[in-house]
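What follows is a set of notes on a single structure, which appears directly below.
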Amino acid sequence: MAMGPQRTPDTGQQGPGDDPLPEQMEDLPGPVLYYNELVLDHFTRPRNVGELPPAETDGFGVVGDPTCGDQLKLWISVRGGRIARIRFKSFGCPGAIATSSMLTELAQGRSLDEARRITDDDVIEALGGIPERKRHCSLLGVRGLHAALSDWEARRASEGTRTDR
Amino acid sequence: MIYLDHNATTPLDPRVLEAMLPYLREAWGNPSSPYRFGQQARAAVERARSRVAECLGCRADEVLFTGSGTEADNLALRGVLRARRARGRHVVTSAIEHPAVLRTCAALEADGCRIDYVPVGRDGVVDLATVEGMLGPDTVLLSVMHANNETGVLQPITELAALARSRGVLLHVDAVQTAGKLPGRLADLGADLVSLSAHKLHGPKGVGALYVRKGTPLDPLITGGEHERGLRAGTENVAGIVGLAEALALACAAAESEAIRQAELRDRLERDLLAAIPGARVNGAAAPRVPNTTNLAFPGVDGESVVVALDLRGICCSTGSACSTGDPEPSHVLLAMGLDPRDAQSSVRLSLGRETRDEDIATVLHALVEVVGQLRAVSSL
C-alpha cells in the first residue's frame, strides 16, 4: 500500500498520490492514530454483520449509552452449548467496528465458557494491535458478548419463551 | 489524492517555496548582526513585515512574527492580561474557540483570572447582547474568533469591536481561518489584536503573526533579545517570515475570485449531498460562513469512520479540528451549537482550497454516498 505524497516532476512540490495508505506510517514508533491493515480489513469488510431473526435468537445484548457515544448490538444462537451463530451491528469508530467484527470471529463456534473467557486483549491481539488511544473502543465487543450470554442464561433460567429484545 | 482538509493545513505554494529558498541557502545571516550579510536578512524580515502590513491594512510596526497561530493567540491573551494586571483580570471569550484560545483561557483561570464563555445559538454565532452583559468594569479582554475552524461560521467581529471599544475593553480576534480567504483587510475589522498562521494559507508551518494595534498594552511571553520590539525574543525565522509574507500576498490577491469559486463548489457539494443522503444536515448552514468550509452530519454513522473510509478512497477530510482527532469526545463546537451528542459524533468537516477542482466535487459526492450507505448498513442506530 504505497502512498505518501508523490513528487510531481515539474514543480518538485509534494503532490497528490493515488494509493490509499501512507506506507511510512507502518514504521512509526509508539502510539499512532492510524489503524493496521487487518483492522482496516475488518472495518471495511466486517464479518458477521446483521441481526438474527427473533426465532433464532437465544441471546441478545446491547451496550453503550442510549444517548451518546458508541453503541453495539449483538445476537447469538446457541446449539449444543456452543455459539452456533453470532451477528452484530455497531455505531462507532473504525476501531469499534473492527474489534466487534474480530470478536464475533473469535466467539463463533466456541463453548459458552470459552466465549466468556475472551478478553479485550485477546481481540486486540488477534487484530495485531490498535492505536493506544483507541483501546477503549474494544471494550464494547466483549461487553456486548457478555450481555448476550447473560441474556441467554436468563432466558434459560426462566425456560425462555422466545420473546427477544 | 483529493485533499479536503485545508482548515487543518495547506500545501506549500511553489512560489512561496521559491521566495524562501534564498534565505535557507545563501542569505542565512542573523538579522541582528550589524554587518551587511546580517542586514541582508534584516531587510528581508522588514520587507516581509511591510508586505504583511499592507495585506492587513496596518502599519509595519503593528505586525509581530511568532512561531505559530497558537503562539500568536497565547501572546495576545497572556500578554494583554499581564500588561493590564492592574486594571483587572476578567476575560470574555466564546464557547467555540480553538483550543489555542480555550486551553490558554483555562490556564489563565488556574492563575486566578476570571473567564466567561459566551454561548452560541444553533446557528453557531455568538449573541451580542450576551457578550454585552458579560463585560464588566474589570474586563480586560474580549477574544472571539473570526471564523470557526470546524463549521466555518463567521462571528460578528465589526459589531463586537464597536462594543468592546465603547466599554474600554480590548478585542483579540483569532483570524487563522479567514486570513487570505476573505476579501478585505483584517485590520479594518477594528480589533486590537489579530492572530494568523502561514500554513493555513499555503505558507510554511512554524510561523504565524500577531497584529497589535499601536498603543495596545502587551507584555512578552518569551524573553531574551530585543527581537520583535522586545515582545518575542528569539532569532527570527527569516525564511519562514518571508514565506508567510509571500503566501499572504498571494492569498489576498486571489481572495476575491477564490472566495466566489470555492463557495460555488462548496454549495454545490452540500446541495448534492443533502439530496443524495437521507437525513444529512449542514451544521451552521443558517449563518454566514467562510466559503471553503462545510460541516455535515450523517446521522447513524460515526464521523471518524467516515474519515477513515474516505481516506481508503484517497480523500482527506476531518471530524473537526486536527488537534482533537483521536479524542473520543464529540466536538465542543457542535455541542455548543446544541447538536445532539450522537449527531455531533456523526459530523465530518470538508474544507476546500485553491487546488480543489470541479471534478473533485463529483468524486467526493460519489464516495460519500457510498461510504455513508455502507456504514449505515453496519449501524446499530
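The values are calculated or read from the model by the stated rules, or taken from the named source; none is laboratory data. Since we're looking at a predicted model, the values are computed, not measured. Positions of Cβ are generated from backbone atoms using ideal geometry, with glycine treated the same way; all protein chains shown enter the neighbour counts. Each accessible area value is taken on the protein alone, full model and side chains, heavy atoms only, with ligands, DNA and RNA left out. Shrake-Rupley method; radii C 1.70, N 1.55, O 1.52, S 1.80 Å.
Observations, loosely collected:
- Label point distance in nm, B:A95-B:R82, each placed 7 Å from Cα along Cα→Cβ: 3.2 nm
- Computed magnitude of the charge dipole of region A:78-117 (debye, nearest 20; Cβ of K, R +1, Cβ of D, E -1): 180 debye
- Accessible area that becomes buried as A packs against B, both chains, 1.4 Å probe, Å², nearest 100: 2500 Å²
- Placing dummy labels 7 Å off each Cα toward the beta-carbon, the span from A:S150 to A:R133 is 3.1 nm.
- Accessible area (Å², per residue) of the protein assembly as shown, counting only protein heavy atoms and a probe of 1.4 Å: 41 Å²
- FRET efficiency, B:R114 to A:R79 (Cβ-Cβ, R0 56 Å, nearest 0.05): 0.30
- For the pair B:E264 and B:S166, the difference between a 0.36 nm per residue extended length and the Cα-Cα distance amounts to 31.5 nm.
- Under a model in which nothing but the beta-carbon of Lys, Arg (+1) and Asp, Glu (-1) is charged, region A:35-157 shows a dipole of about 300 debye around its Cα centre.
- Note on region B:128-262: dipole from Cβ charges, positive end direction compared against B:A251, B:A175, B:H199; the farthest Cα belongs to B:A251.
- Inter-probe distance in nm under a simple model that places probes 7 Å from Cα toward Cβ, at B:N30 and B:A275: 6.3 nm
- Cut-off 17 Å, label 7 Å out along Cα→Cβ of B:E359, residues of region B:276-319 by amide N: B:314-315
- Calculated FRET value between A:T44 and B:V369, using beta carbons and R₀ = 22 Å, to 0.05: 0.85
- Computed over the Cα atoms of chain B, the ratio of the radius of gyration to the Kirkwood radius (Rg/Rh) comes to 0.99.
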